[in-house]
């Protein structure tokens, strides 16, 4: 039988038990926080030219600067939570049914974890010298 | 002695002199026989005061008695004759043809309701959702004793919910709601407005219970505040505002 990691099981259990109002408070909170942090992120990008900021070396340097890498990580988490919950809401309105709704909820949580893990992996690889 | 005219002699709108006539397009659909909706057109004489319901009844009386339509009070009180008139959900008895400013009036059954036949729709979902939000005062002291004959309320407290008491359950708000069109489990603006009506009532003690009922995946959070429910209400109820005020309770802005 497929056994999920403990944190995934814990998260799914939490999502299952959460009331919709709790989820929506998180949804609104992540949106507000993301607006603030993305504004900081854009301001920091403005210190460099647009083309320059997208150069490979610049990106690697940014990831190596831990406070900024932390900011990017937080933005990734906030936008992943907000975005995948938004997707869940859209999909729930598109079609109804117990199995479908469970699949959508679990699928969105899994996709959110996957995206955060993939984004974090890049930052970790840069800072551990793997890149 | 004055003679009372028999029913057969009774004058109808088509019998009296009419200065104008319009084309009434009626949607015809019988789920047991038809695969798609078709429209039948009738030339109907109208006066300045003729309502859409009167025109439909004129068609039933003189052209085609098989047109299915639900109606009762003819004075916007019972909420039976809701239908889509020229693309907008309205009460047929409360809509004068002259105010539509069109020579063609198209009537269709309300959207987001299963059709029984032609213009008559099923109200099961609306009534189930309405029942679900417990549309009555919840109190521990249900028996009125001699010393508590009345549960007093100030005008300010009454003002909090009085407009929502005007709901006649006609279903026009649910018909206009875009979320109702896609989400078959959505509780709907009518039930949510009624939930607010009782939550905001100072005499009610069932707030937590009621908020819990609507706080589910197809509950209050699926409203996207399109506001079309408030646009079409014939009684001036503002369900969209009620929903936002209810959200205030859930987000902790109101208590």
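State the three equivalent ellipsoid semi-axes of the protein assembly as shown, derived from the C-alpha gyration tensor as the square roots of 5 times its eigenvalues, in descending order and whole Å. Intermediate results must be reported in sequence, preceding the final value.
On the way: eigenvalues 591, 157, 78 Å².
Largest first, the protein assembly as shown gives 54, 28, 20 Å.
For chain B, what is the Kirkwood hydrodynamic radius in Å, using each pair of distinct C-alpha atoms?
Working: mean 1/r = 0.0493 Å⁻¹.
Roughly 20.3 Å, rounded to one decimal.
For every helix of n ≥ 4 consecutive DSSP H residues, a contribution of -39,500 (n - 2.57) applies; sum these over the protein assembly as shown, divide by its total residues, and give [θ] at 222 nm rounded to the nearest 500 deg cm²/dmol. Don't skip to the answer; put the middle values down first.
On the way: 15 runs with 182 residues, N = 386.
Per the formula, -14500 deg cm²/dmol.
Please report the equivalent ellipsoid semi-axes of the stretch B:15-121, computed as sqrt(5 x eigenvalue) of the Cα gyration tensor, largest first, in whole Å. Could you put the intermediate results ahead of the total?
On the way: eigenvalues 91, 48, 31 Å².
So the equivalent ellipsoid measures 21, 16, 12 Å along its semi-axes.
Where does helix B:239-251 land angle-wise versus the long Cα axis of chain B, in degrees 0 to 90, nearest 10?
It is inclined by approximately 20 degrees.
At what distance in nm do the modelled label points of residue A:68 and residue B:104 sit from each other, each positioned 7 Å from its Cα along Cα→Cβ?
A separation of 6.4 nm, rounded to one decimal place.
How many nm is it between the label spots at residue B:64 and residue A:102, if each spot is 7 Å from the Cα in line with the beta carbon?
4.8 nm
What is the list of residues in the stretch A:97-125 whose amide nitrogen lies under 19 Å from a point 7 angstrom out from the Cα of residue A:26, following Cα to Cβ?
Only A:101-120 fall inside the zone, counting backbone N under 19 Å.
Using a 10 angstrom cutoff on alpha carbons, build the Gaussian network for chain B and name the most mobile of B:138, B:220, B:97.
Between B:138, B:220, B:97, it is B:138 that shows the largest mean-square fluctuation.
Quick check: the angle from helix A:66-94's long axis to the longest principal axis of chain A, C-alpha only, nearest 10 degrees?
Compared with the principal axis, the helix lies near 30 degrees.
Could you work out how far apart the two model spin labels at residue A:57 and residue A:17 are, taking each label as a point 7 Å from the Cα in the direction of the beta carbon, and quote it in nm?
5.3 nm
Percent relative contact order of chain B, based on C-alpha pairs within less than 8 angstrom and at least six residues apart? Don't skip to the answer; put the middle values down first.
Numbers: 418 pairs, mean separation 43.0, N = 255.
Result for chain B is 17 percent.
As I understand it, the value is the acute angle between the Cα axis of helix B:189-199 and the longest principal axis of the Cα atoms of chain B; what does it come to in degrees, rounded to 10?
40 degrees
Can you give me the C-alpha center-to-center distance between the stretch B:193-234 and the stretch B:96-119, rounded to a whole angstrom?
Their Cα centres are 28 Å away from one another.
In square nanometres and to one decimal, what's the mean projected area of the convex hull around the Cα atoms of the stretch A:22-127? Please list the in-between numbers first.
Values: hull surface 31.1 nm².
Taking the Cα atoms of the stretch A:22-127, their convex hull projects to 7.8 nm² on average.
Please state the relative contact order of chain A as a whole percent: Cα pairs under 8 Å, 6+ residues apart?
Relative contact order for chain A comes out at 31 percent.
Starting from the Cα gyration tensor of the stretch A:38-83, take the square roots of the eigenvalues, sort them a ≥ b ≥ c, and report rounded, prolate or oblate (rounded when a/c is under 1.5, otherwise prolate if a/b is larger than b/c, else oblate). Show your work: numbers first, answer last.
On the way: a/c = 2.07, a/b = 1.61, b/c = 1.29.
Prolate is the answer for the stretch A:38-83, as a/c is 1.5 or above and a/b outweighs b/c.
Order of B:116-122, B:163-169, A:59-65 by packing, highest average Cβ count within 10 Å first?
Sorting B:116-122, B:163-169, A:59-65 by mean packing, highest first, produces B:116-122, B:163-169, A:59-65.
Mean separation of Cα pairs under 8 Å and 6+ residues apart, divided by the residue count of the stretch B:15-121: what relative contact order is that in percent?
Numbers: 199 pairs, mean separation 35.1, N = 107.
Worked out over the stretch B:15-121, it gives 33 percent.
Each value in this text was obtained by applying a stated rule to the coordinates, not by laboratory testing. What you are looking at is a predicted structure, and each value in this text was computed from that prediction instead of being measured. Quick reminder, even Gly has a Cβ in these numbers, built from the backbone with ideal geometry, and neighbours come from all protein chains shown.
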